[in-house]
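Asks: Once you've had a glance at the structure underneath, I'll fire off some questions.
A short reminder: the numbers here are calculations on the coordinates, not readings from a lab. As the structure is a prediction and not an experimental result, all values here were calculated from the model. Backbone-built Cβ (ideal geometry, glycine too); neighbour counts: all protein chains shown.
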């Protein structure tokens, strides 16, 4: 670990020291449909930026500062579907660095407003190209002016998954007393699944690791990738998963509504997809942990909430 990461993070910004140590919440009303299942959600919306992406954004920026690649005069640049961008924008504002983000034009209005509220410059890319179009545009801009930007490149930065290896996984092990039998997480950059999964595999070789993807190239699961039809992140290793669960968009919408109405948890669509997958992979008795990735208030303009 770099010297900066072991230093008093409050000297960088108080926000950096607020990331992590999120609660683990038992989903009692959801699990009652599945005899013998203990189902828990890691409440990552408790991070200061409201999502699991605060962890890798924090780590990548701190490593950039420690290495000297991020220094005054640089602009923080990356591609994002929203949550990592919100984290960059929040931390950039706290540190005094400008932030430029390549974002698919069809991300929710709430996400775009949040990014602008933090002062980020948004480069909106073709919605039909999804996150891949944003990745291509960020690469183009960096290649044209490498001296101008600090480009963490979250899809290919090992500190993305290392953030979860070093923090999220040990928290889960502590909070479950090492009792977990299954871990379930969606694939976007794949950082959460790769980092937590690798650490859990080392500590508990028998744990079942389940990755989650949309079931089709055209889907409504913001933040998740259909790997066969997308630019595959460099940090992704498909060999880590014991099982890869495909989730339909409507199933995820329905579970997201259930989490709000039955558990009182207003979370985002990828959280709903994770919980759908978690209910599929475990055979009783089982202790399953999944990720509640972000808050639902950044998706309230989506029409699926109106369903009865």
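Asks: Contour minus end-to-end for residue 69 and residue 306, with contour as 0.36 nm per residue of separation and end-to-end as the Cα-Cα distance? Present the calculation step by step, with values, prior to reporting the outcome.
Replies: Details: separation 237, 0.36 × 237 = 85.32 nm, distance 4.62 nm.
Contour length minus the Cα-Cα distance gives 80.7 nm.
Asks: Just to confirm the number: angle between the C-alpha axis of helix 83-95 and the first principal axis of the chain, 0 to 90 degrees, nearest 10?
Replies: The angle comes out at about 40 degrees.
Asks: Just checking my list (1) 26, 24, 20; (2) 30, 22, 18; (3) 36, 20, 18 against semi-axes √(5λ) of the Cα gyration tensor in Å computed from this structure; which label fits?
Replies: It is the one labelled (2).
Asks: Quick check: pseudo-label points 7 Å beyond the Cα along Cα→Cβ at residue 284 and residue 145, how many nm apart are they?
Replies: 6.0 nm
Asks: Modelling each spin label as a point 7 Å along the Cα-to-Cβ direction, I'd like the residue 174/residue 136 distance in nm, to one decimal.
Replies: Distance between the two pseudo-spin positions: 4.4 nm.
Asks: Taking neighbour Cβ counts within 10 Å as the exposure measure, how do 293, 102 sort from fewest upward?
Replies: The most exposed by this proxy come first: 102, 293.
Asks: Mind ranking 211-223, 264-276 by how tightly packed they are, going by the mean number of other C-beta atoms within 10 angstrom, highest first? Could the numbers behind the result be given before it?
Replies: Details: 211-223: 20.3, 264-276: 25.6.
The packing order, highest mean first, is 264-276, 211-223.
Asks: Follow-up question, since we're still on this one. With each label point set 7 Å from Cα along the Cα-Cβ vector, what nm distance links residue 215 and residue 203?
Replies: Label at residue 215, label at residue 203, 3.3 nm between them.
Asks: Within the chain, what percent of beta bridges assigned by DSSP are antiparallel, to the nearest 5?
Replies: Numbers: 5 of 36 bridges.
Among the beta bridges of the chain, antiparallel pairing accounts for roughly 15 percent.
Asks: Go through 142-148, 161-167, 246-252 and give me the packing order, highest mean Cβ count within 10 Å leading.
Replies: 161-167, 246-252, 142-148
Asks: What whole number of Å gives the distance from the Cα centroid of region 257-308 to the Cα centroid of region 90-143?
Replies: 25 Å
Asks: To the nearest 0.05, how large is the calculated FRET efficiency for residue 237 and residue 17 if R₀ is 30 Å and r is the Cβ-Cβ distance?
Replies: Details: r = 31 Å, r/R0 = 1.03.
Computed FRET efficiency for residue 237 and residue 17: 0.45.
Asks: May I pose another question? If a/c stays under 1.5 just call it rounded; otherwise compare a/b with b/c (prolate if a/b is bigger, oblate if not). Do that for region 54-150, with a ≥ b ≥ c from the square roots of the Cα gyration tensor eigenvalues.
Replies: On the way: a/c = 1.92, a/b = 1.33, b/c = 1.44.
Oblate shape, in that a/c is at least 1.5 and b/c is the bigger or equal ratio.
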